[in-house]
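Student: Below is a structure I'd like to ask you about.
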Amino acid sequence: MITMKHELIDLLKDNEFVSGQQIANTLGVSRNAVWKAIEKIRREGYEIEAVTGKGYHLKSGEDAFGENSLRSALKTKWLGKDLLFFDEIDSTNDEIKRRSDKGAKEGLLAVADIQNKGKGRRGRSWETPKGVNIAMSFLLKPDFSPDTAPMLTLIMALAAAEGIRKLTGLQALIKWPNDIVINGKKCVGILTEMTAEPDYIHEVIIGTGINVNNTEFPEEIKDTATSLYLESGNKWSRSETAAGMINAFEGFYEIFKKSGTLKELKDKYNSICVNAGKRVCVIDPKGSYEADAKGINDRGELLVVTDDGKEAAVYAGEVSVRGIYGYV
């Protein structure tokens, strides 16, 4: 949702100077509330000039994105309390791995403005240019069995969609298992990497790339990619976008740990899964086939019903799913 802070920032961006009384009248709040809001967004990194007789002026139109603004927006108990912010990095997943190898604890979060060697699924690259997107990764060291770990990717997808919906009001959907799409185009990619033995997980690293304020995309992906800005017409705080997803993940993860399954989360997931109730093409190495998707089960597998009436559980690590009539 659009908050008073967003309205205030937009007001200051669109004008050279705005008096405190004018801000109060426009937003329908008291002068004291205006002052408190100004101080809050200053703490988040925005540079606001105050001149007697003229009012307030936002000196920098750039999105405040850094350690201070992230810490201000995070509402977690443990996830992200150990926070690393980088103006530029090769890969946040790789950085978390390096830190984990040196003994970093669960909950370590790395966030970057620019990411030069980000990774997508199947070795694809995911670029994060300066000033518009988010690259972030965090470390988990769960005590459950390795075959449970793939469900964490679905939990992150649920958290990403939840964060976007709460912040922007956009109808973010999940393309099973872990792509976030808005109006049929992808705006979030998630990559989960695990180091484990047959019966023991050493670490799980969940990396997420979010297209926040992009205005355009390269020719090869412009038909399938989008950003929160392109879908809403508004620029969004990257700190609040990232924090909203992290806040949601911690809550969902705590629910997940009680049973080690998605039993308590699957209905919420299925309610925004774009594949559920749709005709899909299951691309399987043994042979592709069409089926009707029902949604996920407790293990995060996609349940499909084939034309002969048989139900099958599609495992994310073995197959991929594409809609018959387009990307989703």
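Coordinate-derived values only; no laboratory data. Being a predicted model, the structure only gives us computed values, none of them experimental. Cβ placement follows ideal geometry from the backbone for every residue including glycine, while neighbour counts extend to all protein chains displayed.
Student: Starting from the alpha-carbon convex hull of segment 4-58, give the projected area averaged over all orientations, in nm².
Tutor: Mean projected area for segment 4-58: 3.2 nm², to one decimal.
Student: Can you give me the relative contact order of segment 67-271 as a percent, contacts being Cα pairs under 8 Å and 6 or more apart?
Tutor: 22 percent
Student: Next question, about the same structure. Can you tell me which of K278, K97, K222 moves the most in a GNM of the chain? Springs connect C-alpha atoms under 10 Å apart.
Tutor: K222
Student: For K40 and T224 in one chain, what is 0.36 nm times their gap in residues minus the Cα-Cα distance, to one decimal in nm?
Tutor: 62.5 nm
Student: Another one. Hey, what did segment 159-217 get for relative contact order, percent, Cα under 8 Å, at least 6 apart?
Tutor: Relative contact order for segment 159-217 comes out at 21 percent.
Student: Ranked from highest to lowest mean number of other Cβ atoms within 10 Å per residue, what is the order of the peptides 232-239, 103-110?
Tutor: Result, highest mean Cβ count within 10 Å first: 232-239, 103-110.
Student: At 7 Å along the Cα-to-beta-carbon direction for both T76 and E197, put a label point, then send me their distance in nm to one decimal.
Tutor: Between T76 and E197, the simple spin-label model gives 2.8 nm.
Student: Run down the lysines and flag those whose C-alpha is under 18 Å from the C-alpha of K268, throwing out any fewer than 8 positions away in its chain.
Tutor: Straight-distance partners of K268: K166, K175, K257, K258, K278, K294.
Student: Quick one: what does P(r) look like for segment 164-266 with 10 Å bins over all Cα pairs, in whole %?
Tutor: With 10 Å bins starting at 0, P(r) equals 13, 40, 31, 14, 2.
Student: Jot down the radius of gyration and Dmax of segment 279-323, Cα atoms only, both in angstrom.
Tutor: 9.5, 26
Student: Quick one: putting +1 on the C-beta of Lys and Arg, -1 on the C-beta of Asp and Glu, what dipole do you get for the chain around its Cα centre, in Debye to the nearest 20?
Tutor: Magnitude of the dipole: close to 720 debye.
Student: Which of T226, T76 comes first, and how do the rest follow, when ranked by fewest Cβ neighbours within 10 Å?
Tutor: Listing T226, T76 from fewest to most nearby Cβ atoms yields T76, T226.
Student: Rounded to the nearest 0.05, what FRET efficiency do K286 and K5 give with R0 = 45 Å and r taken as the Cβ-Cβ distance? Could you check?
Tutor: In this case the efficiency is close to 0.30.
Student: Pop the C-beta distance of D298 and T52 into the FRET formula with R0 = 56 Å and round what comes out to the nearest 0.05.
Tutor: Using R0 = 56 Å, I get an efficiency of 0.35.
Student: I need the GluC sites (Glu not before Pro) found in segment 154-224, filtered to DSSP loop residues with at most 15 other beta carbons within 10 Å of theirs.
Tutor: Passing sites in segment 154-224 are E216, E219, E220.
Student: Just one of [x] 25, 40, 23, 9, 2, 0; [y] 30, 58, 13; [z] 30, 54, 15, 1 is P(r) over Cα pairs in 20 Å bins from 0, in percent as worked out from the coordinates here. Which one is it?
Tutor: [z]
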